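The values are calculated or read from the model by the stated rules, or taken from the named source; none is laboratory data. Predicted, not measured: the structure shown is a model, and the values here were computed from it. FYI the Cβ positions are ideal-geometry reconstructions off the backbone, even for glycines, and counts take in every protein chain you see. Only protein heavy atoms, including side chains, enter the accessible area calculation; ligands, DNA and RNA are left aside. Shrake-Rupley method; radii C 1.70, N 1.55, O 1.52, S 1.80 Å.
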Amino acid sequence: MDTNTSQISAVVGIGHTDWVEDYRRVRNGEKPHDSYGYAALAFKRALEDAGLTRDDVDGLIVGPTTAYERMGEILNIDPRWGGQADAVQSVFQAVMAIKSGLAEVVALVYGNDQRSAAVQYGGPQAMGGGAFLSYVYHSPWGLTSQGALYALMFQRYKELHGVTDRDLGQVAVGQRQWANLNPNAIMHGKPLSMEDYLAVKYIAEPLRMNDYCLINDGGVALIVMEASRARKLSDKAVMIHGLGRSDLNRNATSLGPRLVDFYLPAQQGAAQQVYAAAGIGPEDVDALMVYDSFSPHILFALEGFGYCRPGEAGRFIAENGIGVGGKLPVNTHGGHLSESYMQGWSHQIEAVRQARGGLGKRQVPDCRYVQYVSDVAGKAMSIIYGR
């Protein structure tokens, strides 16, 4: 498959809502917006960032928390192409639409009022859109929590490779370091030491509270444009250099791909594609963004995408560092654990910001390539962003 996208598409605009302020307001019993309101505000800010108007947009992809038709109505646009997808797949779909000539300027829009709406991601009333998510199949036995699934994964990984809780704690501690440099992060100003991390009781052993993502309201939007037009529009355009994807569906509902392989074969397949498309390798990546609903994602991603060998992620982090001052900056916004849980969407705008530069103390020096990776429900996917 030809996944070389470097001359096809670029991100020209990014926007998001006020996660910190809205988190405070929701905790005080207010409801600033519903999912559509958050998405609309993020869309407005992304257009302003790009220097475009809504009339320039001819493609629309919305997150799975909102309806495509209703979102188009609220934004007052009539796209000639569009649909619904999660964060990483929305970027893939936008690139493919631009490459095939179906659209030139695609808005990717996401809004979620999950905290104020008291959405449950585990327990007897667990959401999940029905029975298509693997953990919902296990509800008769009480296993409806994604946290419990990742606890099972990490427990087996620990026993196979001799990894410790302290090794995993490096993830939460490192990402909190980045969050403390990010005024948009909900956990900004709340330091986390290794001692702090280890002192917290388990939620689902061996995962502690700081291994879990935040739950908050908010919205994110990106504007993706045909590359030659993007270069003429703005010197802030960030190119999409490569895409990669590989899925594991066999035995998915038995949790086999998670518990046996930690998604490694799918990650390796996606890695081969994305690096070939971009013409780089992991050694060329300046910053790594990893979907991190739970902290073990980071360990699995480092191994699956070639930053270290299987079983060596804990040692790799200890020797190289992923936090502030580390050799491989990971989730420089604080990630889902410490910035905002926008289900992968906020990682895309952080990748764009790092590639643009100008983030002060949070800026990765000489940042040219930023990789995003995710391994949600057996879909291993990756994007290479860059100047």
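Applying 1/(1 + (r/R0)^6) with R0 = 30 Å to the Cβ-Cβ distance of Ala318 and Ala276 gives a FRET efficiency near 0.50. Note on the chain: GNM, Cα springs under 10 Å; of Ala40, Ala318, Ala276, the largest mean-square fluctuation is that of Ala318. Between the residues Ser145, Leu181, Ile61, the greatest Cα displacement towards the positive end of the dipole of the chain, with unit charges on the Cβ of Lys, Arg, Asp and Glu, is found for Leu181.
A DSSP coil position with no more than 14 other Cβ atoms inside 10 Å describes the following trypsin sites (Lys or Arg not before Pro) in the range 250-330: Arg250, Lys327. Please give me, ordered by residue number, the GluC sites (Glu not before Pro) of the range 1-84 that lie in loop per DSSP and have at most 13 other Cβ atoms within 10 Å. In loop regions of the range 1-84 (DSSP not H, G, I, E or B), the sparsely surrounded GluC sites (Glu not before Pro) are Glu30.
Taking 12 Å as the straight-line reach from the Cα of Lys379, the aspartates and glutamates in range (excluding those fewer than 8 positions away in the same chain) are Asp86, Asp247. Given 20 °C and 1.002 mPa s, compute D for the chain with the Stokes-Einstein relation, Rh being the Kirkwood radius over Cα pairs; round to the nearest whole µm²/s. Answer, rounded: 103 µm²/s. Simple point charges give the picture: +1 on the Cβ of Lys and Arg, -1 on the Cβ of Asp and Glu, and for the range 257-342 a dipole about the Cα centre of about 140 debye. Since only Leu259, Cys308, Met289 are under comparison, the one whose Cα sits farthest along the positive direction of the charge dipole of the range 258-345, derived from C-beta charges on Lys, Arg, Asp and Glu, is Leu259. Here's the list of aspartates and glutamates a cross-link from Lys236 could span, going by alpha-carbon distance under 19 Å and ignoring same-chain residues fewer than 8 apart: Glu48, Asp49, Asp56, Glu104, Glu226, Asp286, Glu350, Asp366.
Ranked by solvent-accessible area (1.4 Å probe, protein heavy atoms only, all chains present), the residues Ser116, Ser293, Ser100 order from largest to smallest as Ser100, Ser116, Ser293.
Note that the range 319-336 has calculated 3J(HN,Hα) couplings of 7, 10, x, 10, x, 4, x, x, 6, 10, x, 10, 6, 6, 9, x, x, 5 Hz, one per residue in order, obtained from phi through the Karplus relation 6.51 cos²θ - 1.76 cosθ + 1.60 (θ = phi - 60°); glycine and proline are x.
For the range 167-312, the square roots a ≥ b ≥ c of the C-alpha gyration tensor eigenvalues yield an a/c of 1.5 or more together with a/b not exceeding b/c, which makes the shape oblate. Among the listed pairs Lys31/Lys99; Lys158/Lys201; Lys31/Lys361, those with a Cα-Cα distance over 29 Å are Lys31/Lys99; Lys31/Lys361. When the chain is treated as a Gaussian network with alpha carbon springs shorter than 10 Å, the biggest mean-square fluctuation among Ala87, Ala199, Ala221 belongs to Ala199. For the set Cys367, Cys213, solvent exposure ranked by accessible area (probe 1.4 Å, protein chains only) runs largest to smallest as Cys213, Cys367.
Only Lys, Arg, Asp and Glu carry charge here, each on its Cβ (+1 for the first two, -1 for the last two); on that basis the chain has a dipole of about 280 debye about its Cα centre.
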